[in-house]
Amino acid sequence: MRKIIGIGETILDIIFRNNQPSVAVPGGSIFNGMISLRRTGLDVSFISETGNDRVGKTILEFMEENHLNTELVNVSPESKTPVSLTFLDRENDVEYLYYKDYPNQRLDGVFPPVHEDDIVMFGSYFALNPVLRGKIVELLEQAKEKKAIIYYDPNFRSTHKDEAMKLTPVIIENLEYATIVRGSKNDFENMYKLEDVDRIYKEKIQFYCPNFLYTNGTEHISLRTKTIAKEYPVKPVETVSTIGAGDNFNAGLIYGLLKYDVRQSEIDNLSEAQWDRIVKYGTDFAAEVCRTFSNSISQEFAESLLKDAADG
């Protein structure tokens with residue numbers, strides 16, 4: 001069975017509406033997608049870190065409840081687990097404030113083995129942080145050597161845009177490792193001060209990775225490959241929160257890649273019809289998560305996918 005390996009941060013999202021806290025949910029950009037994919041019954045491993053505190057224990061318990069193995073989470077006795085204050089505006093768009101206290105020794109452990117056609121997912125500042133860089137590269141090198149699919153979501157927040165120029169060489173290195181890149185309008189505004197999808201693809205992505213998806217909230221989704229330039233409409237959704245939308249678009253794409261048994265050697269030559277089927281899962285996962293305060297797809301939605309798969 002092909003497996004998915006994600007590497008990224010864990011965080012507790014405290015969600016505010018009208019400046020009042022509404023709910024607190026475990027999160028993290030890669031984490032959210034890993035929870036969704038595990039709920040669909042796929043073989044998922046998640047590499048991360050947390051503090052040995054109340055918040056960290058809450059996150060580990062949440063992982064266990066969702067049958068996501070916690071053995072690859074490095075628990076530090078000397079740090080506090082990160083917390084995010086997440087403010088939703090009237091359109092349910094998001095503004096973040098982060099509170100982090102990291103240890104000196106990080107990701108101290110052995111990674112799971114990567115095999116051909118497994119999927120490795122990484123991104124955010126976690127994949128750029130110089131303290132973690134050696135371990136990130138270690139995993140990416142193994143994935144590249146074994147011919148795994150490498151999925152990169154820059155998820156570049158405005159909190160780091162003043163560092164964008166300094167971080168560019170590391171971003172480029174990540175793009176070179178990637179088989180597929182998916183980024184949002186905000187990511188590329190923060191990294192490059194660009195928002196035109198064709199210019200971003202031609203000037204910043206294509207040379208390093210030919211397969212690119214660009215999302216822009218409720219606007220269309222853009223796909224660019226060596227042979228395809230296509231826009232996909234986004235269906236209107238009754239939105240409660242957009243926090244996990246991009247993370248679950250990623251999860252849906254990965255689900256689609258596995259459902260249709262797309263191999264690493266095939267991705268550069270997928271047809272438009274194949275991409276259509278895969279992107280549909282991305283939009284379905286993203287729409288589902290926008291309907292609640294949860295950062296991941298519901299158990300009911302996951303069970304519907306399993307039923308569809310069983311029905312053939």
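Where a number appears in this text, it was derived from the coordinates with a stated rule and is not lab data. These numbers come from a predicted model, not from an experiment. Here Cβ is always computed from backbone atoms with ideal geometry, including for glycine, and neighbour counts include all displayed protein chains.
Annotations for the structure displayed:
- Extent along principal axes [Cα atoms of region 153-311; Å; largest to smallest]: 48, 36, 24
- In the distance distribution for region 177-262, Cα-Cα pairs more than 17 Å apart total 51 percent.
- Each Lys and Arg contributes +1 and each Asp and Glu -1, all at the Cβ; summed about the Cα centre of region 212-312, the dipole is approximately 240 debye.
- For region 3-305, share of DSSP beta bridges that run antiparallel, in % to the nearest 5: 40
- Legend: ranking of residues Phe31, Phe293, Phe207, Phe87 from fewest to most surrounding C-beta atoms inside 10 Å; resulting order Phe207, Phe87, Phe293, Phe31.
- Arranged from fewest to most other beta-carbon atoms within 10 Å of their beta carbon, Ile14, Ile254, Ile47 become Ile14, Ile47, Ile254.
- Cross-link table Lys185/Lys307; Lys147/Lys204; Lys144/Lys307; Lys100/Lys259, entries beyond 32 Å C-alpha to C-alpha: Lys185/Lys307; Lys144/Lys307; Lys100/Lys259
- Asn66-Asp308 FRET efficiency (beta carbon distance; Förster radius 30 Å; 0.05 resolution): 0.90
- Trypsin sites (Lys or Arg not before Pro) lying in DSSP loop within region 224-312, provided at most 11 other Cβ fall within 10 Å: Lys226
- Rounded to the nearest 20, the Cβ-based charge dipole of the chain about its Cα centre (Lys and Arg +1, Asp and Glu -1) stands at 300 debye.
- Note: relative contact order over the chain, using C-alpha pairs below 8 Å and six or more positions apart, is 16 percent.
- Glu195-Thr227 pseudo-label distance in nm [points 7 Å out on the Cα-to-Cβ vector]: 3.4
- The chain: calculated mean residue ellipticity at 222 nm from DSSP helix runs of at least 4, using -39500 (n - 2.57): -11000 deg cm²/dmol
- The stretch between Asn74 and Lys259, if pulled fully straight at 0.36 nm per residue, gains 63.5 nm over its current Cα-Cα span.
- Candidate values [x] 30, 23, 19; [y] 26, 22, 22; [z] 44, 36, 18, label of the one derived for semi-axes √(5λ) of the Cα gyration tensor in Å: [y]
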